[in-house]
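Rule-based calculations on the coordinates, nothing more; no lab input. Here the structure is a predicted model, which is why all the values come from computation and not from measurement. When we count neighbours, we look across all protein chains shown, and the Cβ atoms used for this are built from the backbone with ideal geometry, even at glycine.
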């Protein structure tokens with residue numbers, strides 16, 4: 001099997017199709033952003049890339065913050081809708097019945113039905129071309145307590161999170177192993193796999 005060479009393009013998949021919420025004054029919005037990721041661990045930093053023409057760009061630029069809400073399979077319709085409809089035309093929270101509460105640190109809208117919400121404060125805006133990148137400190141994380149096991153460990157595998165690849169939404173699949181499984185001793189790997197059930 002050979003490879004066919006194409007010119008450079010935005011083809012990195014899968015990526016998380018996040019729901020990003022923002023607010024400035026009384027105006028708020030939610031939109032879908034798949035151009036996101038972690039850029040640093042200590043201190044925790046992330047980014048989202050947004051077209052300057054978008055309503056959310058304006059709100060984030062004014063307020064200096066946003067919330068990245070990780071969506072579940074139940075939110076798949078909302079993820080798609082928020083990626084194709086503009087908040088300039090309608091209130092997407094109302095149209096979809098999305099409930100919010102203020103995030104603890106920044107007071108921005110956070111989705112109640114999202115199992116993990118990252119509060120982000122912008123520290124730099126980087127123009128890149130079609131999109132500007134908002135580089136942000138993750139100043140708070142809110143996690144649904146139903147995702148904590150008896151020992152208080154986060155079990156994101158129970159959340160039913162989504163993935164996005166080349167125009168399609170996917171439910172995350174079966175468990176294959178945890179970080180470092182390729183070098184673990186067999187007994188340890190077996191024990192850790194048993195704990196995941």
Checklist entry - Modelled label-to-label distance, residue 7 and residue 74, 7 Å Cα→beta-carbon offset: nm? => result 4.5
Next on the checklist: Could you identify which residue out of 118, 90, 19 has the top mean-square fluctuation in a GNM of the chain using Cα springs shorter than 10 Å?
Outcome noted: 90
Checklist entry - Once label points are set 7 Å from the Cα along Cα→Cβ at both residue 163 and residue 41, what is their separation, rounded to one decimal in nm? => result 2.2
Item to check | Residue-span extension gain [residue 155 to residue 124] - 0.36 nm each, minus C-alpha spacing | outcome: 8.0 nm
Item to check | Length gained when the stretch residue 147-residue 61 is fully extended (0.36 nm per residue, less Cα-Cα span) | outcome: 27.7 nm
Checklist entry - So, in nm, how far is label residue 179 from label residue 84 when the simple model puts each one 7 Å beyond its Cα toward the Cβ? => result 3.6
Checklist entry - Out of 109, 71, 52, any idea which swings most in a Gaussian network model of the chain, alpha carbons joined below 10 Å? => result 52
Item to check | Rounded to 5, the percent of DSSP beta bridges in the chain classed as antiparallel | outcome: 100
Checklist entry - R0 = 30 Å: FRET efficiency of residue 139 with residue 51, Cβ-based, nearest 0.05? => result 0.75
Checklist entry - Mind checking the angle between helix 186-195 and the chain's longest principal axis? C-alpha axes, 0 to 90 degrees, to the nearest 10. => result 50
Checklist entry - When the chain is treated as a GNM, springs tying every alpha-carbon pair under 10 Å, which of 135, 108, 154 comes out with the largest mean-square fluctuation? => result 154
Next on the checklist: With an 8 Å Cα cut-off and a minimum separation of 6 or more residues, compute the relative contact order for the stretch 1-77 in percent.
Outcome noted: 32
Next on the checklist: So if I take the centroid of the Cα atoms in the stretch 43-76 and the same for the stretch 1-33, what is the distance between those two points in Å?
Outcome noted: 10
Checklist entry - For the stretch 18-195, what is the relative contact order in percent, using Cα pairs closer than 8 Å and at least 6 residues apart in sequence? => result 21
